[in-house]
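Only one structure is covered here, and it is reproduced in the block below.
Only the coordinates and a few stated rules stand behind these numbers; no lab work does. These numbers come from a predicted model, not from an experiment. Here the Cβ positions follow ideal geometry from the backbone for every residue, glycine too, while neighbour counts run over all protein chains shown.
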Amino acid sequence: MNVSVVLFTADLRLHDHPPLRAALEGRRQVVPLFVRDAAVDAAGFTAPNRLAFLADCLGDLDAGLRARGGRLVVRSGGVVEEVCRVAAEADADEVHMAADVSAYAHRRETRLRQALEAEGRRLHVHEAVTTAVPPGGVTPASSDHFAVFTPYFRQWSAQRLRDALGAPRTVRVPDTVASGELPTRRGLPDLSEGLASGGETEGRKRLAAWLRAGVADYADRHDDLAGDATSRLSPHLHFGTLSPVEVVHRARRAGGPGADAFVRQLAWRDFHRQVLAVRPDAATSDYRTHHDRWRSERTAREDIEAWVEGRTGYPVVDAAMRQLRHEGWMHNRARLLTASFLAKTLYVDWRVGAEHFLRLLVDGDLANNQLNWQWMAGTGTDTRPNRVLNPVAQGKRHDPDGAYVRRWVPELAGLAAPAVHEPWKLRGTQRAEYDAYPDPIVDLSEGLARFRQARGRDSD
C-alpha cells in the first residue's frame, strides 16, 4: 500500500499545510478529503453565512488540487465512518490531519484513532494549523495555560515560528474513490447580502493587498469605525484558507508599528485557543464566575430583540448590529461595544449575545467568539472585569464624524456629529424629523447602576 488520506477540517488551503506535506512524502497517491460532518450540523454550529463561505472555500480548494492533477473528495455523514470508508476504498494505510482545540475536536480525534487502528491503519495528528504558536506551545511555570494576555504575548513573541511551507506541485488521487458534489451557495436561505467571498485564492489576494496598502496604518486606525481600516482576514483565518504562521512571517517582514499591532491581534487568536484547549467548558460556562444572575431571554425579550434588530436608540450600537446582519461581519471595536451594551448595560447573559453572533458571523468560532464575549462580560480573562463601555462616548471617539452611523442607520443620515450620536437630545420639529428612529431603550446611568448593584462593586 502506498496511499494516504488527508482530512481537511479548518485548514482549507494548499499553502503551508503540514498534514498534506507529510502525506505526500514518499507516497504515490493521496486522497484529499473533506467530510461535511453530520455531528457539527446537528449541534447547530453551522449557519448559512458560514456554509456559503465554506462552499466557496471547498470549490477553490478543489480547483487548486485539479490544477495540480488532483481533486477534492467530499463526503457527508459521520466523520469517523466516512474517513474509514474512504481509507478502505483507497486501500490507504494512514490518515493525516491537524489537531484542533475544541472538546468536539478532541473527541473526534480519539474516536477516529480507535476506529482506524481497529482496521490496521494509523492516524497521524499534526500540530494545529489554525494558530501560529500551537496551544500549549508556551505555558507559565505554575499552570497549564496563561490566563492573562500580556505575559502570554511576551513568551509568544519570543517563539521561533516554523517556516511556512509552499503548496505542492503535484497531487495524485486514486480513481477508486468517489466524491459527492461540491456544495454551492445556491439555495442557502437567509444569507447576508454583503457576505464576502471565500477561498484560498481570495484570501491570499486580500493578504497581499493588506500588507501592501493597509497594515502600515493599522496601529493608528484599527479603531476607526468609518474608515474600515482592518484587514478583514478573520474569515480566512477561521476557515484556514490562510496560514497564521505565514501571515505572521509576512507581517513581520513588512515591519513597522502597524505590522506589530496587527501581529499582536494574531497573538490574541492564539491566546484564546490555548485557553479553550485546556478549558473547553469555557465555550459555555464562565471562565471566572461572578455568580451573575443575568436577565434571561424570557425576562429581557424586548431589549434583546431591539439589540438584535439594531433598534436600541443608541446609534453606534444599532449601526454595528445592522452591519452584522448585512455583511455577516462586524468591526472589532463594534463587537466590543455591542457586547458591553448587551452584557453590562442591559445585563443580559453573554451566552445570548454569543449565540446570536454565531448565527451570523462568517468568522464565528468557539474560541474567539465565546472568549471575546466573556472578556467583555467580565467573566473571562479581562483583568478589569467591571469595565463598561459607554456607547455615546465610544461613538464620538471612534466615529467622530458620524459616518459609520449614517452608513448603517439611514434614519439618521441627515444628522451631523455630534448630534448623530445623541439624536434624543434634539427638540421640537428637529426631533420630529427623526421620529422613525427610536428613543433609547435604557438610560445609561440606570443600566450602569443595575450592573454595579448586580456585581456588588463599582464599575471601572
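Summing Lys and Arg as +1 and Asp and Glu as -1 over all other residues whose Cβ lies under 11 Å from the Cβ of Arg121 gives a net charge of -3. Cross-link partners for Lys396 among the lysines, with Cα-Cα distance under 26 Å and sequence neighbours closer than 8 places in the same chain left out: Lys344, Lys425. Taking θ as phi - 60° and the Karplus parameters 6.51, -1.76 and 1.60, the scalar couplings of the range 301-317 work out to 3, 5, 5, 5, 4, 5, 5, 4, 7, x, 10, 7, x, 10, x, 5, 5 Hz in sequence order, x denoting glycine and proline.
For the pair Asp228 and Ala213 in one chain, pulling the backbone fully straight at 0.36 nm per residue adds 4.1 nm over the alpha carbon distance. Measure nothing but the geometry: give the 0 to 90° angle between the long axis through the Cα atoms of 79-90 and the longest principal axis through the Cα atoms of the chain, rounded to 10°. The two axes meet at around 30 degrees. Give the distance, in whole Å, between the Cα centre of the range 242-274 and the Cα centre of the range 156-212. Going from one Cα centre to the other spans 18 Å.
Please give the residues of the range 301-334, grouped as numeric ranges, whose backbone N is less than 16 Å from a label point set 7 Å along the Cα-to-Cβ vector of Lys425. Answer for this model: 314-316.
Would you work out the relative contact order for the chain, in percent, from Cα pairs under 8 angstrom that are 6 or more residues apart? For the chain, the relative contact order is 17 percent. Where a ≥ b ≥ c are the square roots of the eigenvalues of the C-alpha gyration tensor, would you call the range 301-455 rounded, which needs a/c under 1.5, or, failing that, prolate if a/b is larger than b/c, or oblate? Cα axes put the range 301-455 in the prolate bin. When peptides 52-61, 279-288, 25-34 are ranked by their average number of other Cβ atoms within 10 Å per residue, the highest-first order is 52-61, 25-34, 279-288. Among 142-149, 428-435, 299-306, sorting by the average number of other beta carbon atoms lying within 10 angstrom of each residue, highest first, gives 299-306, 142-149, 428-435. Using the rule -39500 (n - 2.57) for each DSSP H run of four or more residues, divided by the residues of the chain, the 222 nm mean residue ellipticity is -13500 deg cm²/dmol.
Can you give me the Cα centroid spacing of the range 276-325 and the range 344-403 in angstrom? About 7 Å separates the Cα centre of the range 276-325 from the one of the range 344-403. Normalised by the number of residues in the range 301-455, the average gap of Cα pairs under 8 Å and 6 or more apart makes the relative contact order 27 percent.
For the peptides 213-222, 116-125, residues were scored by their other Cβ atoms within 10 Å and the scores averaged per peptide; the highest-first order is 213-222, 116-125.
Relative contact order of the range 3-129: 33 percent, from C-alpha pairs under 8 Å at least 6 residues apart in sequence.
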